[in-house]
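The values are calculated or read from the model by the stated rules, or taken from the named source; none is laboratory data. Only a predicted model underlies this, so the values are computations on that prediction, with no experimental measurement involved. Every residue, glycine among them, receives a Cβ derived from its backbone with ideal geometry; neighbour counts consider all protein chains shown.
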Amino acid sequence: MHALVVGAGPLGRSATAHLVADDHRVTLVTRSATSLPGARPLAADVTSADLPARLPDDIEAVVACCNFPYGRWDRYWPSAIRNLIAAAERSGAVLVLAGNLYAYAPPTRPMRETDPQTSTTINGRVRALVWSEAMTAHEAGRVRVVEVRGSDYVGPGAGANSHATRVVPAVLGGGTARPLGDPEQPHTWTAVDDFGRLLARATRDEAMWGRAWHVPSAPAVSMREYCNALRATAGLPGPARVSALPGWVVRSAGLVSADLRSVGQQLYQFERPFVMDDSDARTMLGESHTDFDQTLAAVVAQADRR
């Protein structure tokens, strides 16, 4: 199979690694022709209308792992999803979207794939639009689509901007971690490797197409529990020092920053229980998650190498 992976962030890297490991040909599309092991780089802009014409003709799957500046999703995603649909339609490829949980309303129970996408935040409305556009094309018979959704990234390769990554230096270095929101609230964390594996499977498993799936993730833990577990995994004595950044600070900064305004709108994800129900992927696909202790050990090992 020839797969086109769009974006070389955490999910693009993980999906590419899994596709290459499964002996598939991979073309990696980024603006700067980023190179990854086993993939052919191609410089292209997913927001440009000429994208479909610039791609190889023999693509069988398009894996959209692209992302854009946090406060500017509404500027870039509408054109990107149109171009991605057109690219998949032109080659007859399945379109696999790497999604998230933003489009759901603030949860009062574990979130399911069938929950209505009624978010009122800017980023949430954009992600709802992306899925609506894709499903409209699917139902019209233009393309076959699937969206794989996960919660906040954890593990090696999660990237410096991950909420789980940002606290690591302070936790392991004996400083005070300053996470967003309430550090006592349960939160689902999705291992990047598990996310990439399910994206790769979605390129070839017809049983997955035409709907969304939640990535099987470890049982939810609070940010404080996560920080304490990191110290225990590293063999460090005592609990982590955790002092949350007040929400009003972020919301006030959002008055002058589009990026922080978007962050402020999503703070509910860390101020109340934010738990994802992944039972469909477990029972219907036989998928599971990487043991959380294994993920933590890999995080600590990566930190030791820096």
Worksheet entry | Close pairs (8 angstrom Cβ cut-off, 6 or more residues apart or separate chains): touching a residue at least 40 places away in the same chain (Cβ under 8 Å) in segment 36-55, assigned to a helix (DSSP H, G or I) and of a type outside the set (Ser, Thr, Tyr) anywhere | Val46/Ala80; Val46/Asn83; Val46/Leu84; Leu55/Ala87; Leu55/Arg90
Worksheet, complete the sentence: Ala88: passes all of (1) within 30 Å of Leu267 (Cβ to Cβ); (2) at pLDDT 95 or above but (1)
Practice prompt. Determine which single condition Glu139 fails, assuming it passes every other condition in (1) in contact with a Pro (Cβ under 7 Å, 6 or more places away or on another chain); (2) surrounded by fewer than 17 Cβ atoms within 10 Å (Cβ to Cβ).
Written response: (1)
Practice prompt. Under 9 Å between Cβ atoms, at least 6 apart or on separate chains: pull out the pairs that start in segment 176-202 with a residue that is on the phi > 0 side of the Ramachandran plot and end on any residue that is among the aliphatic types (A, V, I, L, M).
Written response: Gly181/Met223; Gly181/Ala244; Gly181/Leu245; Gly181/Leu267
Item to complete: Find the residue count for segment 6-24, including only residues that are surrounded by 24 or more Cβ atoms within 10 Å (Cβ to Cβ), among the β-branched types (Val, Ile, Thr) and part of a helix (DSSP H, G or I).
Response: 1
Discussion item. Being among the hydrophobic types (A, V, I, L, M, F, W, C) and assigned to a helix (DSSP H, G or I) narrows it down to one residue among Ala53, Ala33; which is it?
Written reply: Ala53
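Could we say that Ala44 is under 20 Å from Arg125 (Cα atoms) and among the small types (Gly, Ala, Ser) here?
It is false that Ala44 is under 20 Å from Arg125 (Cα atoms) and among the small types (Gly, Ala, Ser).
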Worksheet entry | Which numbered condition Thr27 misses (of (1) touching a Pro at 6+ places or on another chain (Cβ under 9 Å); (2) part of a loop (DSSP other than H, G, I, E, B)) | (2)
Practice prompt. Kindly provide the set of residues from segment 33-58 that are more than 20 Å from Tyr76 (Cα to Cα) and hydrophobic (A, V, I, L, M, F, W, C), ordered by number.
Written response: Leu36, Ala39
Discussion item. Cβ contacts < 9 Å: first residue assigned to a loop (DSSP other than H, G, I, E, B), restricted to segment 255-278; second residue modelled with pLDDT under 65, any location; separation 6+ or different chain. Result?
Written reply: Leu255/Arg261; Leu267/Gly247; Leu267/Val250
Worksheet item: Pro179 fails exactly one of the following numbered conditions: (1) at pLDDT below 95; (2) in contact with a Cys (Cβ under 9 Å, 6 or more places away or on another chain); (3) surrounded by fewer than 20 Cβ atoms within 10 Å (Cβ to Cβ). What is the number of that condition?
Response: (3)
Worksheet entry | Count - residues of segment 13-38 that are closer than 19 Å to Pro52 by Cα and of a type in the set (Gly, Ala, Ser) | 2
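May I ask you to say which residue of Ala80, Ala105 is within 19 Å of the chain's Cα centre (by Cα) and under 28 Å from Phe270 (Cα atoms)?
Details: Ala80 fails: under 28 Å from Phe270 (Cα atoms).
One residue alone meets the criteria, Ala105.
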Practice prompt. Report whether or not Thr114 is without any contact (Cβ under 8 Å) to a residue 12 or more places away in the chain, surrounded by fewer than 17 Cβ atoms within 10 Å (Cβ to Cβ) and of a type in the set (Ser, Thr, Tyr).
Written response: yes
